[in-house]
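Novice: The structure that follows is given in the form of structure tokens.
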Amino acid sequence: MKKLSRKQWILVAVVAVVGLAVLRSATNGSSGLPKDKTTLVQDVAPVATIAFDTPLDLGGGVFVTVSSPSRFTPTTFMTNIDQKPKSSNKFNITIKNGGKTPLDFTSVSLIAASGENVCFDVLGDLDINGAPTEPLAAGATATYAYGVGCQAAAGEPLSLTVQIGTAKVAVEGKLA
């Protein structure tokens, strides 16, 4: 094999540096972020803040009621039990569809909080399974159990936000 001269080594080094610079600019040249920084998800204020066991008319014939929470002991088969909640509460959510079209439960969501403490869903056993998967027919009523685990003790605040379609309801009370 023939040895390269000093000029040839310099030429190889220059080609390598230029090649790496081109490669870097092609792969890292842009941040990949869109130029438009518009918020894609907007947080909407609740239409009302209610207490537990208080029915609320969301309009269009849809009513929602969240029962008072009760304490329960989760089983090892429930979701998120590995997070070892200080307190676990369950409650029933009743939705009455007095409208003219079926209510799709994929448009129903629930978020729980306890002051600065973390809360999370605890579902999957003890008949605490969350929202049904089938649409709620016009004129029908559905009641289902929902469970949350919180890193908070009994008596601390419990805030639930139930969203049904575009309507958002805040439910305020205390952990059982």
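Novice: State yes or no: is GLU134 over 17 Å from the mean Cα position of the chain (by Cα) and either at pLDDT below 95 or polar (S, T, N, Q) (or both)?
Specialist: Details: over 17 Å from the mean Cα position of the chain (by Cα): yes; either at pLDDT below 95 or polar (S, T, N, Q) (or both): yes.
For GLU134, the condition - over 17 Å from the mean Cα position of the chain (by Cα) and either at pLDDT below 95 or polar (S, T, N, Q) (or both) - is met.
Novice: Moving on to the next point. So THR141 passes all but one of these: (1) under 24 Å from LYS86 (Cα atoms); (2) in contact with a Lys or Arg (Cβ under 7 Å, 6 or more places away or on another chain); (3) not hydrophobic (A, V, I, L, M, F, W, C). Which condition number does it fail?
Specialist: All conditions pass for THR141, except number (1).
Novice: Here's a follow-up. For the subset of the range 112-143 comprising residues that are out of contact with any Phe, Trp or Tyr (no Cβ under 9 Å at 6 or more places or on another chain) and not in a loop (DSSP other than H, G, I, E, B), which member is nearest to VAL66 (Cα to Cα)?
Specialist: Filtering the range 112-143 for residues that are out of contact with any Phe, Trp or Tyr (no Cβ under 9 Å at 6 or more places or on another chain) and not in a loop (DSSP other than H, G, I, E, B), the one nearest to VAL66 (Cα to Cα) comes out as THR143.
The values are calculated or read from the model by the stated rules, or taken from the named source; none is laboratory data. Please read all numbers here as calculations on a predicted model, not as lab measurements. Positions of Cβ are backbone-derived with ideal geometry, glycine not excepted, and every protein chain shown enters the neighbour counts.
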